[in-house]
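Report on one structure; see the data block that follows.
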Amino acid sequence: MPAAESPLARQRPGPSGRRRLPTWVGDWLPVVPFVAFVGVLLAGSALWLVRSSFSGPDGGWTVQPWRDVFGIRLNRSAIITSVELSAVVATVCALVGTPLAWFVAALARRGRTAAQALLNVVSNFGGASLAIAMITTLGSVGFLRLLVQDWVGRDLPLDLFSFWGLVVTYTYFTLPLYVLLLLPAMGAVRPEWWEAVQVASGTRWDFWRRVGGPVLSPFVLAGWVLSFAWSIGQFSVPFALLGETPSTQLITIRLGNFLFSATGGSNRFNRAAALGVLLMVFAGVALTTYRMLAARMLKRLGAAA
Amino acid sequence: MTADSVLVRPAERVERRSLPRPAGRWLLFAAWGALIALPMVATVLYSLATVWRNKAFPDGYTLRWWADTLREPRVVDALVRSVALAVATVAIVATITLPPLYWAYVRNPRLRTIMQVSALLPFALPFVVLAYGMKNLAQSTGATRPLEASFLLLLAGHVALSFPFFLWPVDSALAAAGVRQLHEAAETAGAGPVTTLFRVVLPNIRTGLLTGSMLCFATSFGEYSIAKVITGSSFETLPVWQVAALADTRGNPNGVAVMAVFTFLVMFAVSTVIAVAGRGEVASIVPGATGPALRRR
């Protein structure tokens, strides 16, 4: 669609410039409610959290919340577990999701539509309902557990409320998002290249190692980064799954503890703010990386088209 | 049989043009499909089971849990609240997002940059963090303090986090429809900007609007953290009820399963509408994937 770029190229309107109002009012007026609503809320909240993470329960300036967040073992281990969990989930997504995205993209149009609809359902199927579904599947009297006990006669070696249980749960809703993200990228690998590899008597392995892999690598990396960011900020799923005093601690669970129960001392709200800022930093770094990769991806797609 | 297909058999043509497709892909699809379906099947079974004792399948099936749960006032109230909240969210998002986005295409392209950058912010702010920040922000001034735990702040939070899901599909649709040319044509015919927006532009981006509204609705409908942090049990939405009921050991576990299946059906309906409306287009519904360029495949 060439129309996609053209409006941006033409900066100034022609005939619509004749207005009673000053030009800048006409230029910017429609965005005022949007900025007032979204900008003030999002940016204001972010700034307020940063300020709050450097203050005590009665105001003032202090780094105590940060010292508590990194100094207390429970918080520190929660941070480490969160990072590990998100990294494992993102890696599983990259390893399994990339071939899946490739196969979905290779389907005929109708199959692709169906697959996308299904992926949409699953990626929207988060939060409380997902936790419930996981408990009915893998919980202590879950369907799969009973099935394995009844048919195989052995206990299922996976505890839903452990680290690996969380990996399974997170992967369940992150993998479809990853595949949806990678789908458009699959067009960057041209069928002609496979022909070229075959002409040069290369194998399928050669093709993926020397052509397909390198072309797709920034997309895979970008998908990894987004899956990581998406996982680390999850609150509703682990909170619904694990409750308020779980054996597996995560940043978001600690944050919930500080907010909803009286743990964490007198400055618990400031500690919550510090954890919030920490999550913002993770997500911010991830998104910046993603934007940089996206620029490279677009160039690559442009070259391929 | 046309002459062409006799000369070059279709199967051969496909084989030659296409990239390697290992036969194992259907196995992979099947395994993945089973994994996706398993929790859903389990939840459906649980919502229909009479008694389920240490067997692979329940002893019997009943619709009693469905009838009971959908009649329980607390559940019905929560459901009504969630739907109302999601509808209000979509309405506000459309009202504040659509005019500036349209204006960005016909008058001031810089608006689009501002909106796209804002659309990344909800992803840099995990929802629970955003909710907590908003609550704190409201507490900080005397004028806004009454809002601290109000429905209005909850609604504002839902708008702030779900507008990107509306923005991306609508932005792609506007780009694809060639809105600038439409606008110029309408202006030549003597239409003002508001008339053009409603009579010319909107009918041309119906698919994008539908997709955006549906995604926005789904996001708001399933969102837990904002409601939990801001209003808590004073405005119990469906997800808040679900988590509370899940934690309540004396509660009604089958009812919890019923509402999980219900939520799943809502999401399924939403996705079906999107798929039918989009007719298999690869929709760019993910952050910063910069729709139009990626659609060229």
* If you check every pair at least six apart or on different chains, which have Cβ atoms under 7 Å apart with a residue in the stretch A:203-220 that is within 30 Å of A:THR288 (Cβ to Cβ) first and a residue that is open to solvent by 60 Å² or more (accessible area, probe 1.4 Å) and part of a helix (DSSP H, G or I) second? -> A:VAL211/A:TRP193; A:VAL215/A:ARG300; A:PRO218/A:ARG296; A:PRO218/A:ARG300
* Asked: Just one of the numbered conditions (1) under 27 Å from B:TYR46 (Cβ atoms); (2) open to solvent by 50 Å² or more (accessible area, probe 1.4 Å) is not true of A:GLY127; which one?
  -> (2)
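Residues checked against (1) within 23 Å of the chain's Cα centre (by Cα); (2) more than 7 Å from chain A (Cβ to nearest Cβ):
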site: B:GLN116; (1), (2): yes, yes
site: B:TYR132; (1), (2): yes, no
site: B:LEU137; (1), (2): no, no
site: B:GLY142; (1), (2): no, yes
site: B:ARG180; (1), (2): no, no
site: B:GLY190; (1), (2): no, yes
* For A:ARG190, which of the numbered conditions (1) in contact with a Leu (Cβ under 7 Å, 6 or more places away or on another chain); (2) at the interface with chain B (Cβ under 10 Å from one of its Cβ atoms); (3) at pLDDT below 80; (4) more than 30 Å from B:ALA269 (Cα to Cα) fails to hold? -> (1)
* Asked: closer than 30 Å to B:PRO193 by Cβ and assigned by TED's automatic domain parsing to the domain that holds B:GLN181 - does that describe any residue in the stretch B:67-87?
  -> yes
* Asked: How many residues, within the stretch A:19-65, are open to solvent by 60 Å² or more (accessible area, probe 1.4 Å), in contact with a helix residue (DSSP H, G or I) (Cβ under 6 Å, 6 or more places away or on another chain) and not in a helix (DSSP H, G or I)?
  -> 1
* Quick one: how many residues across the stretch B:142-154 are surrounded by 14 or more Cβ atoms within 10 Å (Cβ to Cβ) and assigned to a helix (DSSP H, G or I)? -> 4
* Asked: Is it the case that the stretch B:215-232 has a residue that's over 23 Å from B:PRO126 (Cβ atoms), open to solvent by less than 10 Å² (accessible area, probe 1.4 Å) and at pLDDT 85 or above?
  -> no
* Structure fact -> If we ask which residues in the stretch A:124-158 are at the interface with chain B (Cβ under 9 Å from one of its Cβ atoms) and in a helix (DSSP H, G or I), their number turns out to be 21
* Give just the number: which of (1) of a type in the set (A, V, I, L, M); (2) farther than 26 Å from B:LEU79 by Cα; (3) at pLDDT 85 or above; (4) crowded, with 24+ Cβ neighbours inside 10 Å does A:VAL168 not satisfy? => (4)
* Structure fact -> Every listed condition ((1) more than 30 Å from B:ALA94 (Cα to Cα); (2) free of Cβ contacts under 8 Å to residues at least 40 places away in the same chain) holds for A:GLY39 save (1)
* Asked: For the stretch B:115-135, how many residues meet the condition of being closer than 19 Å to B:THR231 by Cβ and open to solvent by 20 Å² or more (accessible area, probe 1.4 Å)?
  -> 2
* Asked: In this structure, does A:PHE173 turn out to be within 25 Å of B:ALA245 (Cβ to Cβ) and open to solvent by 40 Å² or more (accessible area, probe 1.4 Å)?
  -> no
* Structure fact -> Residues of the stretch A:136-146 being closer than 14 Å to B:ALA49 by Cβ and hydrophobic (A, V, I, L, M, F, W, C), in sequence order, are A:VAL141, A:PHE143, A:LEU146
* Find the residue count for the stretch A:260-287, including only residues that are open to solvent by 80 Å² or more (accessible area, probe 1.4 Å), more than 9 Å from every other protein chain (Cβ to nearest Cβ) and of a type outside the set (A, V, I, L, M). => 1
* To do: Scan B:GLN181, B:GLN139 and give me the residue that is free of Cβ contacts under 8 Å to residues at least 40 places away in the same chain, surrounded by fewer than 20 Cβ atoms within 10 Å (Cβ to Cβ) and in contact with an Asp or Glu (Cβ under 6 Å, 6 or more places away or on another chain).
  => B:GLN139
* Asked: Applying the selection to the stretch A:87-122, what residues are over 15 Å from the mean Cα position of the chain (by Cα), surrounded by 18 or more Cβ atoms within 10 Å (Cβ to Cβ) and either away from chain B (no Cβ under 11 Å) or among the small types (Gly, Ala, Ser) (or both)?
  -> A:THR98, A:ALA101, A:ALA105, A:ALA115, A:ALA117
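The values are calculated or read from the model by the stated rules, or taken from the named source; none is laboratory data. Keep in mind the model is a prediction, meaning the values are calculated, not measured. Counting neighbours? That spans all protein chains shown, and the Cβs are built from the backbone with ideal geometry, glycine included. The area values use the complete protein model at the heavy-atom level, side chains included, leaving out ligands, DNA and RNA. Shrake-Rupley method; radii C 1.70, N 1.55, O 1.52, S 1.80 Å.
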